[in-house]
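Student: One structure, as structure tokens, below. Some questions next.
The values are calculated or read from the model by the stated rules, or taken from the named source; none is laboratory data. Just so it is clear, the structure is predicted and the values come from calculations on it, not from any experiment. Cβ placement follows ideal geometry from the backbone for every residue including glycine, while neighbour counts extend to all protein chains displayed.
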Ligand SMILES: *Cc1c(COP(=O)(O)O)cnc(C)c1O
């Protein structure tokens with residue numbers, strides 16, 4: 001192969017035709033060559049331009065419509081005089097606040113630029129070519145991307161059937177049986193996105209007892225704050241007994257700070273120390289650190305928004321069901337809804353009316369859409385548009 005590429009092109013020809021994505025993909029590391037980028041659903045910036053922000057009902061990204069604590073905004077404003085400074089590379093103050101909040105040590109915590117970053121780094125650190133990573137069908141999309149980017153092999157375990165007590169949920173028995181000596185990592189989400197499904201901690205405790213210690217079990221609890229099941233699903237009490245357990249959390253959902261990009265993981269200090277080796281320096285910005293610390297202190301705001309979400313979730317689920325639609329159970333801020341054969345038509349007709357849902361084709365759930373639970377006005381507008389479209 002020529003050192004300068006096909007046809008002997010030189011660097012100065014780099015703008016010319018031929019140097020497309022496929023050309024560069026051939027030069028990428030094997031793991032990256034066939035990787036498909038995370039699909040954010042729609043081009044929301046373009047849609048906002050087209051409809052105007054006020055006219056758009058954005059129910060495609062599981063954002064928190066109530067926004068963060070006002071204390072978080074104030075903390076960001078206070079940080080504005082320090083923008084020329086690097087942030088605390090260790091995120092010490094936020095970690096101390098999190099340690100107090102979760103009743104664990106500061107050295108049990110790693111901060112990420114969103115939990116997405118941490119999910120990627122876990123595979124980067126603990127899995128590689130020849131290794132297997134186990135997760136459920138319809139598990140969070142990042143699990144597959146992280147595995148593939150690390151060059152490891154995905155072992156995708158069929159989800160529970162639609163007629164199960166928890167339709168499309170994680171089949172923990174089958175997941176346990178898929179673990180082999182080649183398994184390095186298991187990714188679980190509780191509750192899971194995009195299915196909204198969950199399982200009890202008691203059930204998970206039994207599962208963990210059967211997992212060999214060499215396998216790291218990652219429990220993504222992005223929606224933990226929003227689950228009414230609260231203590232019954234929360235895996236934190238299992239951390240002390242299981243050094244191979246990692247719990248990821250985020251400020252993007254319950255805390256309403258998706259725009260700041262802050263997530264964190266809770267794990268054994270040794271695991272955190274190894275993960276630190278690949279963490280980018282200053283991966284969480286100064287304003288983000290300050291805002292999250294303030295948000296954490298405003299428990300009343302968190303509880304208030306989660307209660308409103310739960311109330312709206314129940315009302316929206318009932319309204320959709322009363323229109324003859326199947327709505328899967330959810331402990332999150334979204335609902336998985338079956339539109340059946342008409343799914344693509346309904347999604348595009350809603351989009352024409354400025355209502356954005358998340359198509360599920362990428363997950364292989366062609367008959368379903370994921371609808372984030374908005375505030376009462378968002379949900380009213382969604383239902384009005386849906387009634388037009390279904391008429
Ligand atoms: C939204 C979500 C996250 C959060 O990602 P961030 O990078 O922290 O914004 C993680 N896991 C799941 C399952 C999610 O739905």
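Student: Filter the stretch 258-273 for residues that are part of a loop (DSSP other than H, G, I, E, B) and within 27 Å of residue 69 (Cβ to Cβ) and give the result.
Tutor: 261, 262, 267
Student: Further, regarding this structure: What tally of residues in the stretch 220-229 results from selecting those that are assigned to a helix (DSSP H, G or I) and either closer than 17 Å to residue 268 by Cβ or in contact (Cβ under 8 Å) with a residue 40 or more places away in the chain (or both)?
Tutor: Result for the stretch 220-229: 2.
Student: Inspect the stretch 55-63 for any residue being assigned to a strand (DSSP E or B), more than 16 Å from the ligand (Cβ to nearest atom) and farther than 24 Å from residue 282 by Cβ and give the result as yes or no.
Tutor: Looking through the stretch 55-63, at least one residue is assigned to a strand (DSSP E or B), more than 16 Å from the ligand (Cβ to nearest atom) and farther than 24 Å from residue 282 by Cβ.
Student: To continue, here is another question. Looking at the stretch 197-212, is at least one residue within 28 Å of residue 364 (Cα to Cα), surrounded by 22 or more Cβ atoms within 10 Å (Cβ to Cβ), in contact with a strand residue (DSSP E or B) (Cβ under 8 Å, 6 or more places away or on another chain) and in contact (Cβ under 8 Å) with a residue 40 or more places away in the chain?
Tutor: no
Student: Further question: Please find, among 100, 128, the residue that is under 30 Å from residue 238 (Cβ atoms), away from the ligand (no atom under 16 Å from the Cβ) and assigned to a loop (DSSP other than H, G, I, E, B).
Tutor: That would be 128, the only listed residue that is under 30 Å from residue 238 (Cβ atoms), away from the ligand (no atom under 16 Å from the Cβ) and assigned to a loop (DSSP other than H, G, I, E, B).
Student: Pick from 143, 126: which is within 23 Å of residue 362 (Cα to Cα), in contact (Cβ under 8 Å) with a residue 40 or more places away in the chain and in contact with a strand residue (DSSP E or B) (Cβ under 6 Å, 6 or more places away or on another chain)?
Tutor: The match here is 143.
Student: Something else now. Tell me which residues, restricted to the stretch 222-254, are closer than 16 Å to residue 64 by Cα and near the ligand (Cβ under 10 Å from one of its atoms).
Tutor: Selection gives 222, 223, 249, 250, 251, 252, 253.
For (1) outside any loop (DSSP other than H, G, I, E, B); (2) modelled with pLDDT of 95 or more; (3) farther than 19 Å from residue 143 by Cβ, each residue gets a yes or a no:
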| position | (1), (2), (3) |
| --- | --- |
| 159 | no, yes, no |
| 163 | no, no, yes |
| 177 | yes, yes, no |
| 186 | yes, yes, no |
| 191 | no, yes, no |
| 218 | yes, yes, no |
| 231 | yes, no, yes |
| 242 | no, yes, yes |
| 256 | no, yes, yes |
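Student: So which residues in the stretch 295-337 are surrounded by 16 or more Cβ atoms within 10 Å (Cβ to Cβ) and more than 23 Å from residue 228 (Cα to Cα)?
Tutor: Answer for the stretch 295-337, where residues must be surrounded by 16 or more Cβ atoms within 10 Å (Cβ to Cβ) and more than 23 Å from residue 228 (Cα to Cα): just 325.
Student: Follow-up question, since we're still on this one. Just checking, how many residues over the stretch 339-391 are within 19 Å of residue 319 (Cβ to Cβ) and assigned to a strand (DSSP E or B)?
Tutor: Count: 8.
Student: Among the candidates 135, 143, which residue alone is assigned to a strand (DSSP E or B) and within 15 Å of the ligand (Cβ to nearest atom)?
Tutor: 135
Student: When residue 222 is evaluated against the numbered criteria (1) farther than 25 Å from residue 372 by Cα; (2) buried (at least 24 other Cβ atoms within 10 Å of the Cβ), which criterion, by number, is the only one it fails?
Tutor: (1)
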